[in-house]
Structures are given as C-alpha cells and as structure tokens.
Amino acid sequence: MTAMETQIQHSTRAKGSSFYAAMRILPRPQREAMYAVYDICREIDDVADEGGTSAQRLAELENWSRDLDTLYAGGPPGRFAEVAGVVEQYRLDRNDWAALLEGMTMDAKGNSIAPSFATLDHYCDCVASAVGRLSNRIFGIGDDDSMPLAHHLGRALQLTNILRDLDEDAGLGRLYLPEEALREAHIESRHPSEVLRHPALDAACRPVTARAHEHFRQAAAVWERIPRSKTRAPRLMGAVYRLLLDRLEARGFQGPRERVRLDRLTLIGLLVRHGFF
C-alpha cells in the first residue's frame with residue numbers, strides 16, 4: 001500500500017460515500033489523482049469552516065494562496081504537496097485552485113447571508129465548478145466540453161448541497177438562499193434560524209431547486225456528446241445528486257427537516273446503471 005493509498009484510506013472513505021463510489025470506478029491513476037485533489041479541497045474547506053476566528057481563517061487561507069503561487073512558480077509545494085505531482089501530470093490550471101480559495105475566503109469572512117443570485121452563482125463557480133474543471137482534466141475531457149460541463153454540473157451539485165444543508169449552514173451563521181428568493185417569498189428576516197422557521201420557506205427554496213434542475217438538464221446535454229468512458233464519474237455524481245434533489249423536494253423544506261440520505265442499495269443501483277453501462 002502506497003503512502004497515497006494510506007492517506008486515502010484514512011480520509012476519503014470517511015467523507016461522502018457518493019464521491020467515494022463515483023471515484024472507485026475510475027482507473028487507478030485517475031482515482032488516486034482525484035482522491036488527492038479531493039483531500040486538498042476538504043482541507044481548504046475545513047479551514048473556512050473550522051479554522052478559528054474569521055481573522056485566523058483568512059490568514060490561513062492566505063498562507064494557502066502563497067503556497068499555490070510558490071507551487072506554480074516551481075518552488076516547494078508547501079500545503080499542496082499531496083497534489084504537486086497531480087498538478088504537473090494533468091496540467092491542472094492554477095486559476096481553478098485560486099477560484100476555490102476565493103470561494104472559501106467568502107465563507108471565512110462570515111458574511112454569507114442571503115447573497116444575490118449573481119453572487120451565489122459566482123460562489124458556486126468558485127467552490128464547485130472550479131473543482132469540476134480540475135476534475136475534468138483528470139478525466140481527460142477536453143476544454144470545449146469541460147467548461148460547460150463543470151459550469152452546469154458544479155452548480156447543480158452545489159445548489160443541491162445548499163438545499164440539503166440548510167440547518168448545518170444556519171448553525172455556522174450562514175444562509176445561502178438568495179435575497180431575491182426571500183423577497184419574492186415575503187420573508188423579511190435575514191437571520192438564518194428565523195428564515196428556516198418561516199412558513200414561506202418552501203416558496204423561498206423553489207427558485208433554487210428550479211435552477212438546480214435546469215443545471216442538471218444542461219449538464220446531461222453536455223455529457224451526452226462526450227465519450228461515456230470519460231464521463232462515468234460525473235454521470236454517477238449527477239445521478240446521485242439529482243435523486244437527492246428530488247427527495248428533498250418531496251420531503252419539503254419546512255421544519256422539522258429530517259436529513260435526506262440515499263441508502264446503500266440505492267447507491268449500488270445508481271453505480272451499476274451509470275458507472276458500468
């Protein structure tokens with residue numbers, strides 16, 4: 001077992017079984033590269049969520065940014081050591097890592113409350129679509145298809161995450177439901193816990209679910225023109241999250257909200273359908 005495999009075993013398996021299942025279907029070099037990228041993304045995400053005070057989180061994210069500059073200048077990779085080889089092998093774009101750090105900085109500043117739709121879209125590009133662009137290089141998807149696929153699938157996944165994690169985000173003082181959606185639902189408060197108790201919460205979530213569904217549709221249109229061998233992992237992730245979105249809608253968003261999960265049998269069925277055929 002390599003050092004990378006040991007790291008994978010202790011970190012990635014414990015994080016998000018749908019991601020783990022999707023990556024398991026890849027050839028080993030791509031799989032290990034994706035696990036390394038995912039681990040770095042999670043480390044950066046942990047800084048934004050759990051890295052102390054806002055000032056401390058921002059300072060540590062700045063350290064990550066400096067290490068990124070050094071890595072791409074050919075110097076010591078620092079915090080990016082785990083992916084240094086992956087960056088070189090797959091020619092990962094520095095701008096996509098920088099976008100991820102920008103998105104995490106938005107969270108670390110502590111002002112993620114009812115952004116405009118435009119700001120939310122930019123945030124989704126930073127924290128999700130940028131990761132999709134990195135991933136697509138590893139999958140071997142060319143730029144002409146990678147850009148629109150990452151654009152739509154990344155946003156679809158992130159909007160679904162936002163709808164799933166309403167309570168968790170509120171506990172961190174965050175509310176990603178857009179300002180326009182809250183106004184249209186006649187919700188005046190912008191305090192996360194008050195918004196989540198409001199009787200019009202379903203109405204405020206509806207425009208977000210609609211956008212997520214549209215992004216899923218657009219992503220599917222893109223991957224239909226790409227060789228299936230290169231899109232098995234994104235297709236599987238899309239299938240998992242699209243079903244999750246359907247179940248969130250069926251459950252509704254008014255409290256009390258039981259967390260929606262997909263059972264192992266369902267995941268296996270999706271894996272067989274989208275991962276191998």
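Taken together, the values in this text are just the output of simple stated rules run on the coordinates, not laboratory data. Bear in mind the structure is a predicted one, so any value in this text is a computation, not a measurement. Heads up, the Cβs are rebuilt from the backbone with ideal geometry, glycines too, and the neighbour counts pull from every protein chain shown.
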So what is the relative contact order of the range 26-137, in percent, for Cα pairs below 8 Å that sit 6 or more residues apart? 28
Under the Karplus curve 6.51 cos²θ - 1.76 cosθ + 1.60, θ = phi - 60°, whole-Hz ³J(HN,Hα) for the range 223-231, x wherever Gly or Pro sits: 6, 5, 9, 10, x, 4, 4, 9, 10
Given charges at Cβ of Lys, Arg, Asp, Glu: the range 92-275 dipole, positive-most of His152, Thr119, His186: His152
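Ranking His152, His213 by Cβ neighbours within 10 Å, fewest first, what do you get?
Taking fewest neighbouring Cβ atoms as first place, the list is His213, His152.
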222 nm mean residue ellipticity, helices alone, for the chain (DSSP H n ≥ 4; -39,500 (n - 2.57); rounded to 500): -22500 deg cm²/dmol
Looking at the range 177-274, which trypsin sites (Lys or Arg not before Pro) are DSSP coil and have at most 15 other C-beta atoms within 10 Å of their C-beta? Arg190, Arg225, Arg257, Arg259, Arg261
Within the chain: Cβ-based charge dipole about Cα centre, in debye rounded to nearest 20 (Lys, Arg +1; Asp, Glu -1): 1160
Return Asp67, Asp46, Asp107 ranked ascending by Cβ neighbour count within 10 Å, so the fewest neighbours appear first. Asp46, Asp67, Asp107
If each of Glu184 and Val272 carries a label point 7 Å out from its Cα toward its Cβ, how far apart are those two points in nm? 4.0
Loop sites in the range 159-221: GluC sites (Glu not before Pro), DSSP, at most 14 other Cβ within 10 Å: Glu188
Using amide H atoms built 1.01 Å from N in the peptide plane, name the residues 5+ places from Leu175, or on other chains, whose amide H lies under 5 Å from its own. Ile113, Ala114
Using the 2.2 N^0.38 Å rule of thumb for compact globular proteins, work out how the range 23-159 stacks up: its C-alpha Rg over that value, please. 1.04
Those trypsin sites (Lys or Arg not before Pro) in the range 42-96 that DSSP places in a loop and that have at most 12 other beta carbons within 10 Å: Arg91
Tell me, what is the percent relative contact order of the chain, built from C-alpha pairs under 8 Å that lie six or more residues apart? 18
Over the range 178-242, relative contact order from alpha-carbon pairs under 8 Å, at least 6 apart, %: 26
Within a Gaussian network of the chain (alpha carbon springs, distance under 10 Å), most fluctuating of Pro148, Pro76, Pro207: Pro76
At a temperature of 4 °C and a viscosity of 1.567 mPa s, determine how fast the range 92-275 diffuses translationally according to Stokes-Einstein, using the Kirkwood radius over alpha-carbon pairs as Rh; express D in µm²/s, rounded to the nearest whole number. 76
The range 205-216 - phi-based ³J(HN,Hα) in whole Hz, Karplus 6.51/-1.76/1.60, Gly and Pro as x: 7, 4, x, 6, 5, 5, 5, 4, 4, 5, 5, 4
Here, the range 107-215 modelled as identical Cα point scatterers in vacuum has Debye log10 I(q)/I(0) at q = 0.10, 0.12 Å⁻¹ of -0.30, -0.43
Whole-Hz couplings from phi, Karplus 6.51/-1.76/1.60, listed for the range 102-109; x for Gly and Pro: 4, x, 5, 5, 4, 5, 5, 5
Assertion target for Ser189, Ser116, Ser135, Ser146, ordered by fewest C-beta neighbours within 10 angstrom first, is Ser116, Ser189, Ser146, Ser135
